[in-house]
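The values are calculated or read from the model by the stated rules, or taken from the named source; none is laboratory data. In this text the structure is predicted, and so the values were computed from the model without any measurement. Here the Cβ positions follow ideal geometry from the backbone for every residue, glycine too, while neighbour counts run over all protein chains shown.
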Amino acid sequence: MASPADRPATRPRRSMLYMPASNPRALDKAKDLPADGLIFDLEDAVAPDAKSVARAAAVSAANSKCYGRREILIRANGLDTDWLKDDIAAIARSAADGMVLPKVNGPADVSRVDDLLRSGGASDNFALWAMMETPRGILAAAAIAASSPRLAGFMIGTADLANDLHCAHPADRAPMLYAMQHCVLVARSHGLLVLDGVHIDLDDEAGFVAACRQGRALGFDGKTLIHPKQIATANAAFAPSAAERARAERIVAAHAEAVEKGRGVTVLDGRLVEVLHVREAERLIAQAAAISDLN
C-alpha cells in the first residue's frame, strides 16, 4: 500500500488550521476560511468534560462535506488517555481525510493506532499524521517514519517540545532547530510530508512572518496554525512566488529545448540546468497549479 502522502502529492498544505471541535461557531466559520486544510481538535483545545461532544461534532462536521476541497483532519486525544479508543472508533468511520496523533514517541505508537483504525473500518487511503513533539519521538523519527504505509507525514509540535526540553522558545526557535531539521530530513528520506509547528503569539505578526519564511527555508511543506488571522501570511509564504513560477517555467522550457537538440544539460541566465533543477521546477509548477485549482 502506497503512503497516503504519495497520492495527492501536490495537494496544497500551506496552512493547516486547528479548530476546537467543541466550538460550533468555529466549525461553522471554518467553511469560509481560505486555509488549505482544517484540523478539528479533540485534544488541547477541548476541556475534559466536553470531549464526547467535541468528538461527535468533529465527525459530524467532517461528514457534512461543507468545507469544499479543503483537507479535513481530526486530532485525537493522546495515547495515554481514556478517550483515545472512542476517538479512533468514531474517526475511522468518518469522512475525514485523516487523523492526527499527538505525542508520538515511537513506531509502536503508530502501529497501535494503525491497527485500531483498520479494525474500526478506516480505508487504506485514510491518512495518519504523527505529531513530533517529544524528545523520544524526535530521536525515533526514522523508525516512526517507516512504521506504517498509512503514515502521511509529521507535524512538529514546537511548544510541547520546548516544554519537554526545558529550553527557551524564542522567535527564531534556535534551541529547536536541530529537532526541526532532523524531522525534515527523515520525512524527505521516507517520502513523507512535514508541517511546521504553530506560532502561539498572535500579536507578534513580524515574528510569525519570520517563522513562516524560516519554515519554508528549512523545507517544510506548510505551517500549522491556531488562528484564522494567520492564514494569509502562511499561504503567501509557502506558495511559489510569481517570480519563482516564471523561472520554473523557463527552466522546464530550456531543458526541453536542450533535449530536443540532443543535449543533456543547458545554461540559463549563466547557470547550469540539470535534471535535478528541472524536477524541482516541475514540482513548483505543479504546486502553483494545485493552489490555483484549490482557490
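Taking segment 91-109, which residues are surrounded by 24 or more Cβ atoms within 10 Å (Cβ to Cβ) and part of a helix (DSSP H, G or I)?
Of everything in segment 91-109, just one residue is surrounded by 24 or more Cβ atoms within 10 Å (Cβ to Cβ) and part of a helix (DSSP H, G or I), namely ILE91.
Those residues that are surrounded by fewer than 22 Cβ atoms within 10 Å (Cβ to Cβ) and not in a loop (DSSP other than H, G, I, E, B), I need them from segment 236-250; list them, please.
Scanning segment 236-250 gives ALA236, ALA242, ALA243, GLU244, ARG245, ALA246, ARG247, GLU249, ARG250.
Is it the case that some residue within segment 67-88 is in a loop (DSSP other than H, G, I, E, B), modelled with pLDDT of 95 or more and within 26 Å of ASP293 (Cα to Cα)?
yes
Across segment 20-70, which residue is nearest to THR233 (Cα to Cα) among those that are among the β-branched types (Val, Ile, Thr) and free of Cβ contacts under 8 Å to residues at least 40 places away in the same chain? I'd like the intermediate steps shown before the answer.
Filtering segment 20-70 for residues among the β-branched types (Val, Ile, Thr) gives 39, 46, 53, 59.
Pick out the ones that are also free of Cβ contacts under 8 Å to residues at least 40 places away in the same chain and you get 46, 53, 59.
Details: VAL46: 26, VAL53: 32, VAL59: 29 Å.
My answer is VAL46.
Inspect all residues belonging to segment 168-184 and state whether any of them is in contact with a Pro (Cβ under 7 Å, 6 or more places away or on another chain) and either without any contact (Cβ under 8 Å) to a residue 40 or more places away in the chain or assigned to a strand (DSSP E or B) (or both). Quick ask: steps written out before the conclusion?
So the first thing to find is which residues in segment 168-184 are in contact with a Pro (Cβ under 7 Å, 6 or more places away or on another chain), and the list is 168.
Checking which are either without any contact (Cβ under 8 Å) to a residue 40 or more places away in the chain or assigned to a strand (DSSP E or B) (or both) leaves us with 168.
Within segment 168-184, one or more residues are in contact with a Pro (Cβ under 7 Å, 6 or more places away or on another chain) and either without any contact (Cβ under 8 Å) to a residue 40 or more places away in the chain or assigned to a strand (DSSP E or B) (or both).
So for segment 265-277 (the condition being in contact (Cβ under 8 Å) with a residue 24 or more places away in the chain, surrounded by 13 or more Cβ atoms within 10 Å (Cβ to Cβ) and part of a helix (DSSP H, G or I)), does at least one residue qualify? Can you show your working first?
Step one: of segment 265-277, the residues in contact (Cβ under 8 Å) with a residue 24 or more places away in the chain are 277.
Cutting the leftovers down to surrounded by 13 or more Cβ atoms within 10 Å (Cβ to Cβ) gives us 277.
Still in the running and part of a helix (DSSP H, G or I): 277.
Checked against the condition, which is being in contact (Cβ under 8 Å) with a residue 24 or more places away in the chain, surrounded by 13 or more Cβ atoms within 10 Å (Cβ to Cβ) and part of a helix (DSSP H, G or I), segment 265-277 yields at least one hit.
Criterion first (closer than 21 Å to ILE88 by Cβ, small (Gly, Ala, Ser) and part of a helix (DSSP H, G or I)) does GLY207 satisfy it? So that I can check it myself, show each step before the final result.
Values: closer than 21 Å to ILE88 by Cβ: no; small (Gly, Ala, Ser): yes; part of a helix (DSSP H, G or I): yes.
Judged against the criteria, GLY207 is not a match.
Residue by residue through segment 71-96, note down the ones that are more than 20 Å from SER22 (Cβ to Cβ) and either aromatic (Phe, Trp, Tyr) or in contact (Cβ under 8 Å) with a residue 60 or more places away in the chain (or both).
Hit for segment 71-96 is GLU71, nothing else.
Given the criteria assigned by TED's automatic domain parsing to the domain that holds THR134 and at pLDDT below 95, does ARG7 qualify?
Against the criterion (assigned by TED's automatic domain parsing to the domain that holds THR134 and at pLDDT below 95), ARG7 does not qualify.
Would you please name the residue that is nearest to GLN287 (Cα to Cα), looking only at residues in segment 210-227 that are within 13 Å of the chain's Cα centre (by Cα) and part of a helix (DSSP H, G or I)?
Filtering segment 210-227 down to residues within 13 Å of the chain's Cα centre (by Cα) leaves 215-216, 219-225.
Keeping just the survivors that are part of a helix (DSSP H, G or I) gives 215-216.
Values: GLY215: 17, ARG216: 14 Å.
Per the criteria, the residue is ARG216.
Taking the residues in segment 26-51 that are among the charged types (D, E, K, R) and outside any helix (DSSP H, G or I) as candidates, determine which candidate is modelled with the lowest pLDDT. Give the steps one after another, and end with the answer.
Just the residues of segment 26-51 that are among the charged types (D, E, K, R), to begin with: 28-29, 31-32, 36, 41, 43-44, 49, 51.
Next, only the ones that are outside any helix (DSSP H, G or I) stay: 36, 41, 43-44.
Details: ASP36: 97, ASP41: 98, GLU43: 96, ASP44: 89.
In this case the residue turns out to be ASP44.
Tell me, please, whether a residue that is free of Cβ contacts under 8 Å to residues at least 12 places away in the same chain and either surrounded by 13 or more Cβ atoms within 10 Å (Cβ to Cβ) or under 30 Å from ASN163 (Cα atoms) (or both) can be found in segment 218-234.
Initial filter on segment 218-234 (free of Cβ contacts under 8 Å to residues at least 12 places away in the same chain): none.
No: zero hits.
Can you name every residue in segment 232-254 that is more than 25 Å from ALA35 (Cβ to Cβ), out of contact with any strand residue (DSSP E or B) (no Cβ under 8 Å at 6 or more places or on another chain) and of a type in the set (Val, Ile, Thr)?
Residue satisfying the conditions is VAL252 alone.
In this structure, is ILE74 farther than 23 Å from GLN230 by Cα, in contact with a helix residue (DSSP H, G or I) (Cβ under 9 Å, 6 or more places away or on another chain) and crowded, with 21+ Cβ neighbours inside 10 Å? Full working, then the answer.
On the way: farther than 23 Å from GLN230 by Cα: no; in contact with a helix residue (DSSP H, G or I) (Cβ under 9 Å, 6 or more places away or on another chain): yes; crowded, with 21+ Cβ neighbours inside 10 Å: yes.
Spelling it out, it is not the case that ILE74 is farther than 23 Å from GLN230 by Cα, in contact with a helix residue (DSSP H, G or I) (Cβ under 9 Å, 6 or more places away or on another chain) and crowded, with 21+ Cβ neighbours inside 10 Å.
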